[in-house]
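Below is a structure I'd like to ask you about.
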Amino acid sequence: MQRGVRHTNTDDHKRAQELRRTASPYERVLWKALSQSATAAKLRFRRQQPIPPYIADFACMRAKLLVELDGASHDARAVYDQQRDAYLKKQGYTVLRFSNDDLKRNLKGVVETIIIQARALLVAVPPTCEN
């Protein structure tokens, strides 16, 4: 794959932009805390990352780690979420799910868990040469 080439379609990209603009307050809080901790840990996360046919809430592409923040609407979507996670796992991704309540109760612990998991996954991934 060439550097800088994206393999998502325009609709995915537009939808991801819209999701970033309309992020929930919980997503905004997690993004702020995660991006600060990730920078300190020399990790890079993206918000609303298209991974066709889905869009992940947060992604560390180098570690192939996806983070989903679930609000109340996900209670009725458990089967859909399980199928989605199974598909993404087959694509080589690790998916972590947290509820809004997890975030309210323990933001620091959620962020630490994400950073620890990303680091652990990177140990298992051989480094690549980039020009």
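If you go through segment 56-82 one residue at a time, how many are surrounded by fewer than 19 Cβ atoms within 10 Å (Cβ to Cβ) and hydrophobic (A, V, I, L, M, F, W, C)?
Matching residues across segment 56-82 total 5.
Now a separate question. Confirm whether His13 is of a type outside the set (Ser, Thr, Tyr), part of a helix (DSSP H, G or I), more than 15 Å from Leu96 (Cβ to Cβ) and at pLDDT below 90. Even if it seems obvious, please write down each step before you answer.
Numbers: of a type outside the set (Ser, Thr, Tyr): yes; part of a helix (DSSP H, G or I): yes; more than 15 Å from Leu96 (Cβ to Cβ): yes; at pLDDT below 90: yes.
Answer is yes for this residue.
What residue, of Arg21, Arg47, is at pLDDT below 90 and of a type in the set (Lys, Arg)? Walk me through how you get there before you give the answer.
Numbers: Arg47 fails: at pLDDT below 90.
Every option except Arg21 fails the conditions.
Do any residues in segment 89-115 that are within 13 Å of Val29 (Cβ to Cβ) have Cβ atoms under 6 Å from those of residues that are of a type in the set (Phe, Trp, Tyr) and buried (at least 18 other Cβ atoms within 10 Å of the Cβ), where the two are at least six apart or on different chains, and which pairs are they?
Partner pairs satisfying both residue conditions: Asn100/Tyr26; Leu103/Tyr26; Val110/Phe98.
The values are calculated or read from the model by the stated rules, or taken from the named source; none is laboratory data. These figures come from a predicted structure and were not determined experimentally. Reconstructed Cβ throughout: ideal geometry from the backbone, glycine too, with neighbour counts over all protein chains shown.
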